[in-house]
Amino acid sequence: MSNQKKRNFQIDAFKHRVVVDPKYADKTWKILEHAIHEIYNHNASGLSFEELYRNAYNMVLHKFGEKLYNGLVATMTSHLKEISKSTEAAQGDSFLEELNRKWNDHNKALQMIRDILMYMDRTYIPSVHKTPVHELGLNLWRDTIIHSIKIQARLQNTLLELVHRERTGEVIDRGLMRNIVKMLMDLGSSVYQEDFEKPFLEVSAEFYSCESQKFIECCDCGDYLKKAEKRLNEEIERVTHYLDSKSEVKITNVVEKEMIANHMLRLVHMENSGLVNMLLDDKFEDLGRMYNLFRRVPDGLSTIREVMTSHLRETGKQLVTDPERLKDPVEFVQCLLDEKDKYDSIISNAFNNDKTFQNALNSSFEYFINLNARSPEFISLFVDDKLRKGLKGVSEEDVEIILDKVMMLFRYLQEKDVFEKYYKQHLAKRLLSGKTVSDDAERSLIVKLKTECGYQFTSKLEGMFTDMKTSQDTMQGFYASHPELGDGPTLVVQVLTTGSWPTQPGVTCNLPAEMSALCEKFRSYYLGTHTGRRLSWQTNMGTADIKAMFGKGQKHELNVSTYQMCVLMLFNNADRLGYKEIEQATEIPTADLKRCLQSMACVKGKNVLRKEPMSKDIGEEDAFFVNDKFTSKFYKVKIGTVVAQKESEPEKQETRQRVEEDRKPQIEAAIVRIMKSRRVLDHNNIIAEVTKQLQSRFLANPTEIKKRIESLIERDFLERDSVDRKLYRYLA
Amino acid sequence: MKIPKDKVRFNVGGRIFETSSTTLANSGRNSFFGALFNENWTLKQPNNDSSSNCEFFIDRSPDCFSVLLDLLRTGDLNIPPDIPERQLYREASFYGLLDHVRSAKWGQFDGNRLRHSRYVKGQAPGDGTAIRAGPDGGCCVAHGSVVHVFDWIMEEHPPLNLDYQRVNDVGWVDSESIIVSTCEKLGRGDGGMGLFSKSTGELRFKFQVCHENQVKSFAAGALSTSSGYKIFSSCKGRSNEYGIGVWDQVTGKQIDFFYESPGWSLGDADKLQWLNGSNCLMVATLFPRKDNCYISMLDFRDKRMVWSWSDFGAPITVDEKRVRDAVAMEDNNAICVVNEFEDLGFMDLRMNGGSVRWSSRSRMMKGKLSEESCCPKLALHEGQLFSSMDDCISVFCGPDWVLTSGLRRSYGGSICDFSIGGDRLFALHSEENVFDVWETPPPPIS
């Protein structure tokens, strides 16, 4: 064998013929490509799904997946480029419509293409980590159309222009807007955000910045708020109509910032229409609007609250310090109640019953009510007035409402013990003169005070009611055991427990003989049934009904005080009496006597006495006669004493002093209670704790506390620490 | 008689089938039939007179169509003996019904109802390292330096290798991706760890360990993944990079490293298990170079070992109990361990430094171990505990872990590894290169 022959010997590689027709792949692809063209040209009715699906399947099966995929990308891209051109060519308003139409076409085509290429989508694409057909279609649309130079800016401007037109009152095609915005969202949230939302927010900020500037120059506060609210609602509505719901927070933030936050102070303080004016005029609607709008921005509510508080404190301060107001306590308290009612209804109607506003209201009231030291007295007087006469013909519920309101004011008082003092005085007068209108109302108020301040606060007040009840029983007993007294004058004694009542010891007068005999009988009866007691007459607090006959035979029944009765009885035995004579006979204290004579001689319609000389004031040298010419339409005539309802200055001082006096043991008791449990405490802490303990009754004065501590040290309840002088020790 | 309006007539490869569009609707929108009946495709609808011979032509095998049509009608898969399974799967794939076939083929996993479905024999020499069940019913088997990949049909895909280095562990990241950890080849930077595509076998990422901004070559050991797209692996480098590495499975970048504390062989770990509830990784080093076993729980957020156990200093008794595998049971706050005699032991995760409570269950196996036997393995699946010993897998249930089932098939020698996933259990035998597939049959008819 030669070498050449050897060289001729060749082994052909085995040809592995997978595909019979080498053009198979191209042919199949042509069919599919044609189908894609037909789909885009709305000409799909002639296509056989089964055939196309099978062809695509076969291409993938025979490893032409890549050719198929690349072919798809190329074909779809070329179609999208054409679409891009025709969309660019659309004129004016038809641009969006054209884009929307093409987008719908593309979506439909994409779905059909995906159907044909389903097998590729399912098997080939995941294994080579390519983009699935649907997503590919969206990406190509985004890159070829939405992000093409000629469309991107135009689309954005068109959308923003439409929004602007809608804001300026034109009607736009919201459906179309919705479709286009939906398209941007379908292309991915980043497309929506970058290509629309971001510029939209910027343009909106600019728009509202200008508009708010314009409004604030020419509108009053209420109108401005109305406009802002309208704009805000419009934007919220816009979001529901055609934007992504996630945009709502963003766009409302823009409106809030531009229209409210940036102009907040100017709005609140706007002259003639700002917050203060709204409060003054009870503009619930405007206030509510302001509350709801300001609530949306940081510091909005606190701004309203601060302005309201300072206004409230200012007006409150004026109210309680206005000397005109101080003349009529009932009016004064009524004003406070009206003010409170006004703000309560503002808070409930306009401020959503906001707790922080309620707190601001309470602290303001507490602040200014206590600016006037007479507030406790006035509140008690108000109650007195209501319980004397004001509650007649008022239903039980209404009584409760009024009492509840009073309790509210009472809660603001720091010096509750002062109130108690006055209340006791006023209650005593009411009870003794039988002037109280409703026993239920009285008791109801006591119960309220009790729940507010505890048993201790009201125990004496309740004692007064008990005394009244017991006295009735005593009187029945007295007359039962003395049947012979039926014809003479009738005596009604109210036995008052010392300490429970604001009695003044030692003030008494000479009673007429008839009366004093009766009084003696009662005294012996009473002391006979109750041993070990002492009775003293409080003639200054009594009343009497006496029958009188005047010159022409007119008969009248006079309702007078005990003092007045004493004076009048003198005239049974005399026609003329000098002041001195009266004073001597009755021994009524000068001030009281003068007042009592004045009320009988100088008040028109009640002048049962005649005075010489005729003057307004009572002089030491005056002489008095029975006024024969006295006439009255009524049979019964009530002769009131000329009393200053309010306390006079010296009386006030006296009450004050009594209050201070009463506080001393309370402060001491508190100190001892605290020290007993703590054993050792420094000065500042004692002050703090005592103040806290007594808060419900009054505001303890630190100097007074200090004095009490010193007094307790003197009495060996406490001692100072030998090393640290600031420390106190409790001595058991 | 009225003719139902939704009657549909098919000509499949020459045979006429009649069915209803409601039946076909069971195939879902993402299938051949779903697309066919979509309004986009203006079907040449047969005229309403039933005598017309209008029908849809499909150029496919009628035999398989019949089986699949039945599947759509009843939900049951019945393959006549004369149809090769592969052919049926091929047709199902064409129609987009493969998922329907897959879910009809076997039922929801229950360790006490498992049936042996088939076994698969491989050509590679014995010495299987690990078998891992995939989420969709497939599996992968590591043999020496190659990983063989099977889909749920048990068709083999191109095998995976990382520079033909010895494979230490494999794991599924998702139904498309597999991670492989291998020994390193000294000085060459080969080996390490890689992520592969299941279907094509191509390498997608190679994971790296950086130490002081320098890329180091390393040997990767045990693997674990977390639901937060993290991959954990025990790493052995030559300098300081012993410990547990953490990578992001989406980017393939290293995101964390837990350096080994002295005397604690994290880099040698044989088993890692991520615990979702407690946000910890269990690391078990059971066949260390040194003599002791270590199990610890690592919290990566503050780089802390929150729980640890070691058999260091434990008395060596006659019936020595060495821990051979461990599995954390989060719901029970315990770690279950097994020794070479398949005794189960439990440790309380709520207290540190406790000891193993061995269960008294004794198989009287001591001293009877055959020389070829493999170490027992443990697995936990939905409240059922599995352990392998020789050629049998035991199933334990209930709060006291009562033995309820035994899975045994006397072929292939003892079981060296097993894995549960995709509602299947795979058991790899050590003597022959063969693995078993266990499935739960579909639920009973009524």
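The values are calculated or read from the model by the stated rules, or taken from the named source; none is laboratory data. If you're wondering where the values come from, they're calculated on a predicted model, not measured in any experiment. Counting neighbours? That spans all protein chains shown, and the Cβs are built from the backbone with ideal geometry, glycine included. To get the accessible areas, we keep the full protein, side chains included, count just its heavy atoms, and leave off ligands, DNA and RNA. Shrake-Rupley method; radii C 1.70, N 1.55, O 1.52, S 1.80 Å.
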*Taking the Cα atoms of segment B:7-105, what is the range of coordinates along each of the three principal axes, in descending order and whole Å?*
38, 26, 21
_Using a 7 Å offset from the Cα along the Cα-to-Cβ direction at both B:Asn333 and A:His147, what is the distance between the two label points in nm, to one decimal?_
5.4
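For segment B:87-205, would you read off the P(r) tail past 23 Å as a percentage of all alpha carbon pairs? Spell out each step's value before the answer.
Values: 2587 of 7021 pairs.
More than 23 Å apart: 37 percent of the Cα pairs in segment B:87-205.
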*Pairing the Cα long axis of helix A:649-678 with the longest principal axis of chain A, what angle in degrees results, from 0 to 90 and rounded to the nearest 10?*
60
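Could you work out the Rg to Rh ratio of segment A:481-546, with Rh taken as the Kirkwood radius (inverse of the mean 1/r over all Cα pairs)? Working shown, then result.
Details: Rg = 12.6 Å, Rh = 13.3 Å.
That ratio equals 0.95.
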*Is there a pair in A:Lys429/A:Lys450; A:Lys405/A:Lys652; A:Lys405/A:Lys707 whose C-alpha atoms are over 31 Å apart, and which pairs would that be?*
A:Lys405/A:Lys707
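Over the Cα atoms of segment A:303-467, what is the Rg over Rh ratio if Rh follows Kirkwood? Mind showing how you got there, number by number?
Values: Rg = 16.4 Å, Rh = 16.6 Å.
Here Rg/Rh amounts to 0.98.
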*Can you list residues whose amide H is under 5 Å from B:Val8's amide H, if they're 5+ apart or on another chain and H is modeled 1.01 Å from N?*
B:Thr19, B:Ser20, B:Ser21
*Nearest-ten-degree value, helix A:300-321 long axis tilted from longest Cα axis of chain A*: 10
*Neighbouring partner chain Cβ atoms per residue of A:110-116, average, 10 Å criterion*: 3
*Report the charge-dipole magnitude of chain A in Debye, nearest 20, computed about the Cα centre from +1 at each Lys and Arg Cβ and -1 at each Asp and Glu Cβ.*
1820
*Given only helices, namely DSSP H runs of n ≥ 4 each adding -39500 (n - 2.57), what is the per-residue ellipticity at 222 nm of chain A, to the nearest 500 deg cm²/dmol?*
-20000 deg cm²/dmol
_Based on C-alpha coordinates, I'd like the Rg and Dmax of segment A:254-344, in Å._
15.7, 55
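Probe radius 1.4 Å, ligands and nucleic acids left out: can you give me the accessible area buried at the A-B interface, summed over both chains, in Å² to the nearest hundred?
Details: alone 39170 and 21850 Å², together 58880 Å².
Interface between A and B: roughly 2200 Å².
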*What Kirkwood hydrodynamic radius, in Å, does chain A give when the mean of 1/r is taken over all pairs of distinct Cα atoms and then inverted?*
36.3
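Roughly speaking, what % of Cα-Cα pairs in segment A:453-571 are separated by over 19 Å, rounded to a whole number?
Values: 3951 of 7021 pairs.
More than 19 Å apart: 56 percent of the Cα pairs in segment A:453-571.
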*Can you tell me how much longer the chain between A:Glu202 and A:Lys552 gets when fully stretched, taken as 0.36 nm per residue apart minus their C-alpha distance, in nm with one decimal?*
116.1 nm
*asked:* Going by Cα centres, segment A:20-69 and segment A:435-453 are how many Å apart?
replied: 98
*All-pairs Cα distance distribution in segment A:149-298, expressed in whole percent, bin size 5 Å*: 2, 9, 18, 21, 16, 12, 10, 6, 4, 2, 1, 0
*asked:* Can you give me the Kirkwood hydrodynamic radius for segment A:372-523, using every pair of distinct Cα atoms, in Å to one decimal?
replied: 17.3
_Average beta carbon contacts from partner chains per residue of B:83-96, 10 Å cutoff_ = 2
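Determine Rg/Rh for segment A:49-93; Rg is computed over alpha-carbon atoms and Rh is the Kirkwood hydrodynamic estimate from the same atoms. Spell out each step's value before the answer.
On the way: Rg = 15.8 Å, Rh = 12.5 Å.
Value, to two decimals: 1.26.
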*Where labels lie 7 Å past Cα in the beta-carbon direction, separation of A:Thr590 and B:Val402 in nm*: 11.1
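With a cut-off of 8 Å between alpha carbons and a minimum separation of six or more residues, what is the relative contact order of segment B:7-105 in percent? Display every interim value, and only then the final one.
Details: 108 pairs, mean separation 28.9, N = 99.
For segment B:7-105, the relative contact order is 29 percent.
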*asked:* If I model a spin label at A:Lys342 and A:Ile713 as a point 7 Å from the Cα along the Cα→Cβ vector, what separation in nanometres do I get?
replied: 5.1
*Please report, to one decimal in angstroms, the Kirkwood hydrodynamic radius of segment A:651-730 built from all distinct Cα-Cα pairs.*
12.9
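Report Rg(Cα)/(2.2 N^0.38 Å) for segment A:129-173, keeping two decimals. If you can, show how the numbers build up before the last one.
On the way: Rg = 15.4 Å, N = 45, 2.2 N^0.38 = 9.3 Å.
That ratio works out to 1.65.
Show that you can apply the helix-only estimate: for chain B, add -39,500 (n - 2.57) for every DSSP H stretch of four or more residues, divide by all residues, and state [θ] at 222 nm to the nearest 500.
Details: 5 runs with 42 residues, N = 446.
Value at 222 nm, helices only: -2500 deg cm²/dmol.
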_Please give me the summed charge of the neighbours of A:Phe207: other residues whose Cβ is under 10 Å from its Cβ, Lys and Arg +1, Asp and Glu -1._
-2
*Quick one: what are the phi-derived ³J(HN,Hα) couplings along segment B:173-179, Karplus 6.51/-1.76/1.60 with θ = phi - 60°, whole Hz, x for glycine and proline?*
8, 8, 5, 10, 10, 10, 9
*Just the number, please: percent antiparallel of the DSSP beta bridges in the protein assembly as shown, rounded to the nearest 5.*
95
_Output the 0 to 90 degree angle, nearest 10, between the alpha-carbon long axis of helix B:85-95 and the longest principal axis computed from the alpha carbons of chain B._
70
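For segment A:62-177, just run the numbers: alpha carbon Rg, then divide by 2.2 N^0.38 Å, N being how many residues it has.
It is 1.29.
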_For segment A:662-715 and segment B:114-164, distance of Cα centres in Å_ = 89
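Sorted from largest to smallest, which semi-axis lengths in Å does the alpha carbon gyration tensor of chain B give for its equivalent ellipsoid, taking the root of 5 times each eigenvalue? Before the final figure, lay out each step's value.
Working: eigenvalues 457, 133, 78 Å².
Equivalent ellipsoid semi-axes, largest first: 48, 26, 20 Å.
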*Please state, as a whole number in µm²/s, the translational diffusion coefficient that the Stokes-Einstein equation yields for segment A:543-638 at 37 °C and 0.692 mPa s, with Rh defined as the Kirkwood radius across alpha carbon pairs.*
247
*What relative contact order, as a whole-number percentage, does chain A give when Cα pairs under 8 Å and 6 or more residues apart are counted?*
6
